[in-house]
Amino acid sequence: VQLVESGGGLVQAGGSLRLSCAASGRTFSTSAMGWFRQTPGKVRELVTGINWSGESTYYAESVKGRFTISRDNAKNTVYLQMDSLKPEDTGAYYCAAAITNYIVTSPRDFGSWGQGTLVTVSS
């Protein structure tokens, strides 16, 4: 699966952004997907994940109630709606396809990665 993210940018605290991840390849619809965030000096962390059908989701505590992950298997796309953004949400966001159809949280369980898109939240 090849993944291409879009939608990052600069936004003020309290604002919203919507990230998209377009996938190519036949395995997208059977793969769980995730969005990771990385900031300088920190390990890449899973922010949110979704299973193959979209019926099950996972959110890190830091983003619960503010971020929403969704997917459209007909369009081979996964989305991340980010609301009430905070400066600490700043980072590079990576879309990734899991090697499973159920949600996993470790980066080693993801076999395909996008190039990343930068999100900057100003205070």
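The values are calculated or read from the model by the stated rules, or taken from the named source; none is laboratory data. Remember, it's a predicted structure, so these values are computed and weren't measured experimentally. In this analysis, Cβ positions are derived from the backbone assuming ideal geometry, glycine residues included, and neighbour counts consider all displayed protein chains. SASA here: full protein model, heavy atoms, side chains in, ligands and nucleic acids out. Shrake-Rupley method; radii C 1.70, N 1.55, O 1.52, S 1.80 Å.
Looking only at region 15-41, filter to residues that are touching a residue at least 24 places away in the same chain (Cβ under 8 Å) and charged (D, E, K, R); which one of those is nearest to Ser112 (Cα to Cα)?
Going through the qualifying residues, I end up with Arg37.
With within 12 Å of the chain's Cα centre (by Cα) and aliphatic (A, V, I, L, M) as the only criterion, which of Leu46, Leu85 stands out?
From the options Leu46, Leu85, the qualifying one is Leu46.
Could you grab me the full set of residues in region 48-93 that are free of Cβ contacts under 8 Å to residues at least 40 places away in the same chain, assigned to a strand (DSSP E or B) and open to solvent by less than 60 Å² (accessible area, probe 1.4 Å)?
Selection gives Thr48, Tyr59, Phe67, Ile69, Ser70, Arg71, Asp72.
Could you grab me the full set of residues in region 25-43 that are open to solvent by 50 Å² or more (accessible area, probe 1.4 Å) and more than 17 Å from Thr100 (Cα to Cα)?
Gln38, Pro40, Gly41, Lys42, Val43
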